[in-house]
Every structure is written in C-alpha cells, then in structure tokens.
Amino acid sequence: MEAPDLWQLPVQQSPLGMAKVGLDGRLLAVNRTFEQMLGRCAEELIRGRLQDITHRDDVHKDTTSFRRALAGETDSYRVRKRYLHADGHVVWADVSVTLLHHPDGRPQHFVAQILDITEQQVREEQLEAIFDAVRVGLVLIGPDGRYVRMNRRHAQALDVAHPDGHHGRAGIPGQIFAADGRTPLETEELPTYRAMHGEEFDDLTTWVGTDEQHRRAFITSARTVRSPSGEHLGAALAYHEVTELMRAMKVKDDFVTSMSHELRTPLTSVLGYLEILADNDELPGTARSQVDVVRRNALRLQSLVSDLLEIAQFTESGLTLERAQVDVARVAREAAEAARPHAGRAGVGLTAELPPRVVAMVDEKRIRQVIDNLLSNAVKYSSCGDAVRVALSHCDRELELEVTDTGMGIPETDLPHVFDRFFRGSGANVQHIPGTGLGLDIAGTIVDAHGGTITVDSALGEGTTFRMRLPLAG
C-alpha cells in the first residue's frame with residue numbers, strides 16, 4: 001500500500017516552487033511557480049532529470065546530499081544552488097528537500113520546496129564586492145568568538161599577525177604589539193578579545209608582524225552587534241592601516257630629537273655668554289636691554305628644546321615615575337607662589353584654596369611640572385583684571401586639583417584637541433600668545449602614567465577649568 005500522494009495537495013497555489021523528484025533524480029511533477037521560475041513548461045521539465053537544470057558547479061553538492069538521503073543518513077536537507085533558466089541566465093534558489101517513505105519504510109520520492117533568491121544573491125554579491133573593495137579591514141565575530149565573515153584586507157592582516165594560523169577564532173595571541181610597536185599584547189588586551197567580550201572602542205593603535213619591512217600598523221574601532229531584543233550576537237571591527245603615517249611620524253620624531261640634541265649644546269653656550277654680558281657693568285643701557293631681549297628668546301628656545309626632548313623620551317622609552325609619599329598640597333602651594341610674580345606682572349589675580357595636607361603616592365617632580373603648566377597657561381590666556389584659582393580637594397581614594405581662570409576661554413571646536421601634540425588653539429594664534437603646543441600633551445602623559453585623568457571645561461569669553469584627578473595610593 002502506497003502512502004497518499006502529497007502532490008495532490010493544493011501545492012499549485014504555493015508561492016514557492018515545488019517539485020516531486022524520483023529516486024533516480026527525474027522530475028515527476030512541478031507546480032506553476034517552479035515553471036515560471038525557470039521559464040520552462042511542466043512537460044519539458046518532467047522529461048529530464050534534476051541535474052539537467054542544475055548549474056554544473058552545483059551538481060556535485062546537490063547529488064551528494066541526494067545520495068546521503070537515499071543512504072538513510074538524513075531524511076531532509078537544505079542547499080543553496082543555481083538553476084538554469086530557459087534563456088540561459090542563472091536562477092539562485094534556497095532549496096529544502098524531504099524524502100518521503102512508503103508505510104513499510106522504503107523510500108518513495110523526494111519533495112523539494114524552492115525559493116527564488118536571485119535578487120537577494122545579487123545584492124549580497126554587490127555588498128561583497130563593496131566589502132572587499134574598501135581600503136579598510138572588516139571582520140564580524142560571532143558570540144562564540146569565531147570569525148563569521150571578513151574581507152580580503154583583514155585576511156591579509158591576519159596572515160601577518162598569525163603566520164602559524166589563527167584557528168578561525170578571535171582572541172588568539174600572535175605577533176600583535178601595542179602602539180609603541182614593541183610591547184606584545186596579552187590575550188585580554190587584543191582588540192578582538194576585547195570586542196567579543198562586549199567592549200566598544202575607537203582609534204586603538206596596534207602593530208602586527210615582526211619583520212620591519214612587512215609589519216603593519218592599524219587603528220581599530222569595535223562595535224557590539226545585538227538582535228532587536230538585545231541579545232548579544234557578536235562584534236564588528238574595522239581596521240584602518242596607518243603604517244605609512246606611523247613611519248612618517250617616526251621619521252619626524254627622530255628628526256626633531258636629533259635637531260633638539262644638536263641645538264642644546266650651542267644654546268647652553270649662548271645663554272652662558274649672555275649671562276656674562278648681562279653682568280658686565282660697563283655695558284651701555286641700550287645694549288643691556290638688547291641683551292635681555294636675546295636672553296628671553298634664548299630661554300624660550302631652551303624651554304622648547306627641553307619639551308621636544310622630553311616628548312621624544314616619552315615616545316621612545318615611556319615615562320618612568322619615581323613615586324614617593326608626597327604632600328600634593330605643599331607642591332601646589334609652591335607652584336602657586338612661583339607663578340604669582342608672573343601673574344602680578346600680567347595684572348591677573350591668583351588665589352590658592354588648598355588644605356593643609358594631602359598625601360599621595362606620586363612623582364613630585366612630574367606633578368609639579370603638570371601644576372606649573374596649568375597655572376602658566378591660566379595666566380597666559382587671561383587678561384589684566386582676570387582671576388586664576390587653584391584648588392585641591394580629596395576623598396578616600398583620590399585627589400582632585402582644579403585650575404580655573406576667567407580668561408578668554410576655548411572655542412568648542414578646539415576642546416577635543418587641547419591635549420594633542422603641537423596643537424595651538426585659534427585664540428592663541430590670533431592673539432599671538434607664545435607657546436609650543438607641547439605642555440598639555442606632556443601633562444596628559446604624566447597624569448595618565450599616574451593612573452589618573454585630566455579634563456577641561458571651557459566657555460568662550462568666560463574662562464576655563466582644568467581638572468586633574470589622581471589616585472591617592474598610586
């Protein structure tokens with residue numbers, strides 16, 4: 001007794017293409033949707049085999065699944081394949097196939113449901129072309145840490161970072177280094193590991209590879225991927241190669257360091273002779289004032305050279321701190337007293353609101369350098385009649401030092417860049433206020449090395465507040 005012929009069900013009205021296929025691969029019946037899909041009538045289709053209308057590159061995949069079902073390994077399967085339309089063009093289809101059986105268990109025939117996905121496939125191929133054409137490495141990581149999809153540029157970068165292979169998983173240590181190009185990244189520091197654990201970030205700089213000729217530098221951004229219900233689906237990362245930029249910056253830094261060293265010795269000699277000239281009682285008054293001008297400019301140049309050498313040292317070998325238990329209130333008080341004469345000459349009031357004692361584990365010389373810089377800037381960017389205030393407070397775990405002025409303020413467009421190296425604000429350029437654009441970069445480096453933060457709030461024409469927070473325990 002044969003099983004009821006399911007083909008007699010109302011499949012002719014189905015929006016899906018449907019076909020009944022014999023155990024030998026011949027088409028036994030098709031519905032109208034399948035006829036329209038391939039531009040062929042039922043009579044033509046049932047005269048042939050399924051393989052006759054299948055793209056030759058998909059025949060093996062199709063027949064392999066077909067044979068597995070006949071061998072009893074599975075009762076159904078799903079495959080994405082290409083059919084051949086009557087006019088010669090390819091029809092992409094998502095095909096679900098089920099093997100039906102007689103009541104005694106013998107195979108009877110196959111029923112295939114065919115969804116035309118040609119338009120979807122074309123869109124995917126267009127997106128894939130864009131995906132591979134962009135000059136950015138792109139990768140999608142699944143919730144289990146496996147690579148779901150990546151473009152050609154990211155695959156090439158992986159070959160450099162993992163010459164021995166990466167096992168198709170994110171977070172695998174390899175030849176991956178921090179921004180300095182020397183410090184290997186631990187597993188939990190890797191961009192892919194951080195991203196797959198839900199962290200989002202921008203502009204993370206890393207180097208990959210050890211061969212100086214072929215290693216590459218990247219800045220990386222990561223975003224978490226979630227379903228509409230909020231379920232974590234993985235992460236997407238974008239890698240932008242900046243190798244040439246980093247090498248150009250290294251050449252610039254090396255040049256600046258070399259020139260700074262070359263300038264330091266003759267500049268020290270110039271300042272020494274200027275001191276001798278200034279002490280000469282026989283020097284005419286006009287000449288003495290000219291010597292003072294030269295000395296002031298030589299001291300400014302010496303300060304610039306010192307800043308450049310310090311930046312070069314930070315870049316080359318990092319910042320080494322000499323921590324000790326330091327009374328930061330005393331350091332701030334001494335810095336305020338040192339800045340008071342300069343403020344007085346500029347007609348700027350300077351007040352200090354400091355507790356008797358606040359002790360923290362810091363490098364006294366470096367923290368004094370930061371406070372000096374903040375006070376100097378506050379006075380420099382204020383006018384006669386303005387006021388500068390330095391205040392210090394603390395809680396159980398951290399201290400907070402504020403330097404506030406009522407000066408010219410910083411334009412909103414400049415605020416994101418005030419800690420950038422060599423950045424000079426538009427106001428400073430317009431009003432010809434002297435400076436190198438290095439002081440706040442150095443201050444930020446020092447505070448960061450202490451595990452602290454430094455931020456700025458400002459309103460144009462109203463004033464500026466710099467706020468430094470440091471852990472008391474270091």
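The values are calculated or read from the model by the stated rules, or taken from the named source; none is laboratory data. Because the structure is a prediction, the values reported are computed rather than measured. Backbone-built Cβ (ideal geometry, glycine too); neighbour counts: all protein chains shown.
Of all residues in the range 151-171, those satisfying the criterion of being more than 17 Å from the chain's Cα centre (by Cα), over 15 Å from Gly209 (Cβ atoms) and in contact (Cβ under 8 Å) with a residue 12 or more places away in the chain are Asn151, Arg152, Gly168, Arg169. The residue that is nearest to the chain's Cα centre (by Cα), counting only those in the range 210-233 that are among the charged types (D, E, K, R) and over 23 Å from Asp164 (Cα atoms), is Arg223. Can we say Arg106 is of a type in the set (D, E, K, R) and modelled with pLDDT of 90 or more? Criteria met by Arg106. Among the residues making up the range 403-419, a single one is crowded, with 22+ Cβ neighbours inside 10 Å and out of contact with any strand residue (DSSP E or B) (no Cβ under 7 Å at 6 or more places or on another chain): Met408. When the range 234-245 is limited to residues that are within 13 Å of Asp203 (Cβ to Cβ) and out of contact with any helix residue (DSSP H, G or I) (no Cβ under 7 Å at 6 or more places or on another chain), the one that is surrounded by the fewest Cβ atoms within 10 Å (Cβ to Cβ) turns out to be Leu245.
Yes/no matrix, rows are residues, columns are (1) out of contact with any strand residue (DSSP E or B) (no Cβ under 9 Å at 6 or more places or on another chain); (2) outside any helix (DSSP H, G or I); (3) closer than 18 Å to Thr464 by Cα; (4) in contact (Cβ under 8 Å) with a residue 12 or more places away in the chain:
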{"residue": "Ala329", "(1), (2), (3), (4)": "no, no, no, yes"}
{"residue": "Glu334", "(1), (2), (3), (4)": "yes, no, no, yes"}
{"residue": "Pro355", "(1), (2), (3), (4)": "no, yes, no, yes"}
{"residue": "Ile367", "(1), (2), (3), (4)": "no, no, no, yes"}
{"residue": "Leu375", "(1), (2), (3), (4)": "no, no, yes, yes"}
{"residue": "Ser383", "(1), (2), (3), (4)": "yes, yes, yes, yes"}
{"residue": "Val388", "(1), (2), (3), (4)": "no, yes, yes, yes"}
{"residue": "Ser393", "(1), (2), (3), (4)": "no, yes, no, yes"}
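The sole residue among Asp116, Asp132 that is in contact with a helix residue (DSSP H, G or I) (Cβ under 6 Å, 6 or more places away or on another chain) and under 16 Å from Leu16 (Cβ atoms) is Asp116. Which pairs have Cβ atoms under 7 Å, sit 6 or more apart or on different chains, and link a residue in the range 201-229 that is more than 20 Å from Gly181 (Cβ to Cβ) to one that is in a loop (DSSP other than H, G, I, E, B)? Taking only residues 6 or more apart or on different chains, the pairs are Ala222/Glu199; Ala222/Glu200; Arg223/Glu200; Thr224/Gly198; Thr224/Glu200. The lone criterion from (1) closer than 23 Å to Gly234 by Cα; (2) without any contact (Cβ under 8 Å) to a residue 12 or more places away in the chain left unmet by Pro184 is number (1). For the range 116-124, the criterion of a residue being closer than 16 Å to Leu204 by Cβ, at pLDDT below 90 and surrounded by fewer than 19 Cβ atoms within 10 Å (Cβ to Cβ) is satisfied by no position.
Restricting to the range 42-67, what's the tally of residues that are loosely packed, with under 13 Cβ neighbours inside 10 Å and either in contact with a Leu (Cβ under 6 Å, 6 or more places away or on another chain) or over 25 Å from Glu124 (Cβ atoms) (or both)? Adding up the residues that qualify gives 3.
Specify the residue that is farthest from the chain's Cα centre (by Cα); the eligible residues are those in the range 184-209 that are surrounded by 13 or more Cβ atoms within 10 Å (Cβ to Cβ) and among the polar types (S, T, N, Q). Within the range 184-209, the match that is farthest from the chain's Cα centre (by Cα) is Thr192.
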